[in-house]
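One structure is given here, and the rest of the page talks about it.
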Amino acid sequence: MPDKITSNSSNDGAPPQKQKIYRLLKKRIGINFFSQATQDVFVIKMLSAKREGFYVEVGAGHPTASNNTYLLETAYDWKGLSLEMDSSLVDLYNTQRSNRAIAADATSFEFGGQLHYMNAPKQIDYLQLDIDPAQNTYKALLKSLITTTGFR
């Protein structure tokens, strides 16, 4: 794993108290993370800084700010499938990221077909679900599990 990631964190727009916490965390863990609560760092640590992994990101949101997969893509060469309902965020995402986002409703999306089309590995390294309301997260989880793909 790189000692330090030198790209600017997107958490700089956070309130001053959170910025202070983010700076302390970055200093402590030695990684300039992009997620809201170091989910990206957790994945890196749990998968022993795996390179060229694969993620499924449901509720992609902003392409960098508080994003759980940006660090994986840019510093660890991960590929992935990202879904987002907000088409303006999808457009922004697709101008700023190598991996493309798809404007789709994850509760009715055909994950298996898209993963097959992308030639995704049989085992997904990271499944990220972050959509509102909570019951839709559950529906998207059930829908994503109806594939021939496995998850770590």
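The values are calculated or read from the model by the stated rules, or taken from the named source; none is laboratory data. It should be emphasised that the depicted structure is a prediction, and the values quoted were computed from it without experimental measurement. Cβ atoms come from the backbone with ideal geometry, glycine included; neighbour counts cover every protein chain shown.
Within region 107-126, the set of residues being assigned to a loop (DSSP other than H, G, I, E, B), farther than 15 Å from TYR55 by Cα and of a type in the set (Gly, Ala, Ser) comprises SER108 only. Taking the criterion of being of a type in the set (S, T, N, Q) and modelled with pLDDT of 85 or more, the residues of region 32-52 that qualify are GLN39, SER48. The set of residues in region 137-152 that are crowded, with 18+ Cβ neighbours inside 10 Å and farther than 25 Å from LYS50 by Cβ contains only LYS143.
Residues in region 72-96 that are within 11 Å of the chain's Cα centre (by Cα) and assigned to a loop (DSSP other than H, G, I, E, B): TRP78 alone.
To keep it simple, each residue is scored yes or no on (1) more than 20 Å from GLN36 (Cβ to Cβ); (2) not hydroxyl-bearing (Ser, Thr, Tyr).
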site	(1), (2)
GLY59	no, yes
SER66	no, no
LYS79	yes, yes
ASP91	yes, yes
THR95	yes, no
ARG100	yes, yes
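Entry remark, region 127-152: residues being closer than 26 Å to MET46 by Cα and either part of a loop (DSSP other than H, G, I, E, B) or modelled with pLDDT of 95 or more (or both) number 7 in total.
Quick check on my filter: what residues within region 66-119 are of a type in the set (Gly, Ala, Ser), crowded, with 20+ Cβ neighbours inside 10 Å and modelled with pLDDT of 95 or more? If the condition is that a residue be of a type in the set (Gly, Ala, Ser), crowded, with 20+ Cβ neighbours inside 10 Å and modelled with pLDDT of 95 or more, then GLY80, SER82, ALA101 are the ones that fit. When ASN99 is tested against (1) of a type in the set (S, T, N, Q); (2) out of contact with any Ser or Thr (no Cβ under 8 Å at 6 or more places or on another chain); (3) not in a helix (DSSP H, G or I), only condition (2) is not met.
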